[in-house]
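The values are calculated or read from the model by the stated rules, or taken from the named source; none is laboratory data. Small disclaimer: the values here were computed from a predicted structure and weren't measured. We place every Cβ from the backbone using ideal geometry, glycine too, and count neighbours over all the protein chains shown. What goes into the accessible areas is simple: the full protein's heavy atoms, side chains included, and nothing from ligands, DNA or RNA. Shrake-Rupley method; radii C 1.70, N 1.55, O 1.52, S 1.80 Å.
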Amino acid sequence: MPALSLNSQNLPYPDPLHPIIVHFVIAMVLFSFVCDVLGYFTRNVRLFEVSFWNMFVAAIAIFIAIIFGQFEAGLAQAEKAAQSTLNYHTVLGWSLGAMVAAIAAWRFVIRNRSPRKVPPAYLGAATLLVCLVFLQVYLGSKLFWVYGLHVEPVVQALKQGVSP
């Protein structure tokens, strides 16, 4: 198999794609949650429909984000200090993928059985999901801002054997 030609960020393409896709997923999960909460209190059925479609698309997009995240993590020359954060971010990412898919499926069942309301138990699960998304955002931010994964000066310093 031929070796990939990597750029100055240690990637075979111009910029990391994982953060681009994952920000889309974050926005859709959060917007879905907001629409469900507002719909619950206002009884606006259209908000429930918007919520469902956002969660449905997020359930697909999160796996695309995970695939690019795995690929880009494999290309990252992470410092030893970053490894535990990267591992935790990876495990939580896969867990969130399963959770978003499960919540989207649950939301589909709710939509088909009673499209005019969502149960409080669903809102509780969605609240837990949002909290875990915020934790994942923190870990991803730490990998970028603290450890410099795929940040050009950090990548160059690591290639030269210098710890940034």
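Placing one identical point scatterer on every Cα of the chain and ignoring solvent, what is log10 I(q)/I(0) from the Debye formula at q = 0.11, 0.15, 0.16 Å⁻¹?
Debye output, listed in q order: -0.52, -0.80, -0.87.
What are the principal axis extents of the Cα atoms in segment 29-74, in Å, biggest first?
46, 12, 8
Obtain the nm distance between the two label points defined at Q77 and R43 by a simple spin-label model: each point lies 7 Å from its Cα along the Cα-to-C-beta direction.
According to this spin-label approximation, the distance is 6.3 nm.
Report the equivalent ellipsoid semi-axes for segment 1-43 in whole Å, largest first, defined as the square roots of five times the eigenvalues of the gyration tensor built from alpha carbon atoms.
Values: eigenvalues 328, 15, 4 Å².
One finds semi-axes of 40, 9, 4 Å for segment 1-43.
How many Å² of accessible area per residue for segment 1-73, probe 1.4 Å?
57 Å²
Whole-Hz Karplus ³J(HN,Hα) for segment 22-35, in order, using 6.51 cos²θ - 1.76 cosθ + 1.60 and θ = phi - 60°, x for Gly and Pro?
5, 5, 4, 5, 4, 4, 5, 5, 5, 5, 4, 4, 4, 4
Sort 5-12, 31-38 for me by packing, meaning the mean count of neighbouring Cβ atoms within 10 Å per residue, highest on top.
Going by the mean number of other Cβ atoms within 10 Å, highest first, we get 31-38, 5-12.
If you wrap a convex hull around the alpha carbons of segment 62-115, what volume per residue comes out, as a whole number of Å³? If you can, show how the numbers build up before the last one.
Details: hull volume 3.2 nm³, N = 54.
So the per-residue hull volume is 59 Å³.
How far apart, in nm, are the 7 Å Cα→Cβ label points at F144 and A125?
3.0 nm
Whole-Hz Karplus ³J(HN,Hα) for segment 67-78, in order, using 6.51 cos²θ - 1.76 cosθ + 1.60 and θ = phi - 60°, x for Gly and Pro?
4, 5, x, 4, 4, 6, 5, x, 8, 5, 9, 6
Can you tell me, using C-alpha contacts under 8 Å and at least 6 residues apart, the relative contact order of the chain as a whole percent?
For the chain, the relative contact order is 30 percent.
Considering only protein heavy atoms and a 1.4 Å probe, what is the carbon-and-sulfur percentage of the accessible area of segment 1-129?
C and S atoms contribute 71 percent here.
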